[in-house]
1. Within segment 11-74, which trypsin sites (Lys or Arg not before Pro) sit in a loop by DSSP and count at most 12 neighbouring Cβ atoms inside 10 Å?
2. To the nearest 10 square angstrom, what accessible area does residue 32 show with a 1.4 Å probe?
3. How would 47, 9, 71 rank on accessible area, largest to smallest, probe 1.4 Å?
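The values are calculated or read from the model by the stated rules, or taken from the named source; none is laboratory data. These figures come from a predicted structure and were not determined experimentally. Cβ placement follows ideal geometry from the backbone for every residue including glycine, while neighbour counts extend to all protein chains displayed. For accessibility, only protein heavy atoms count, side chains too; no ligands or nucleic acids. Shrake-Rupley method; radii C 1.70, N 1.55, O 1.52, S 1.80 Å.
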Amino acid sequence: MREEQPSVIRIAVEDNGCGMSRTKAEQLLKPEANHKGVGLFNINQRIKLIYGGSLRIDSEESMGTKVTFDIPVEPTKITGG
């Protein structure tokens with residue numbers, strides 16, 4: 001019997017800017033005091049708390065960055081007649 005994969009909505013934001021190293025991308029999601037901002041860290045924590053997932057950052061220097069996350073789709077319950 002094949003186990004069904006849950007349906008998700010994938011959200012992606014990407015640019016064609018300067019990009020960043022893998023090390024820098026990994027550091028953005030860690031809680032460290034030397035960060036100038038906490039935006040991506042806070043978003044990642046909320047996605048973990050609400051949906052059980054996390055942000056994925058794919059970036060290449062001089063090519064750009066893509067940030068994605070998935071939101072599970074819950075089946076719609078039909079009620080009434």
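1. When the trypsin sites (Lys or Arg not before Pro) of segment 11-74 are filtered for loop state and at most 12 Cβ neighbours within 10 Å, 36 remain.
2. 80
3. These residues rank, largest area first, as 9, 71, 47.
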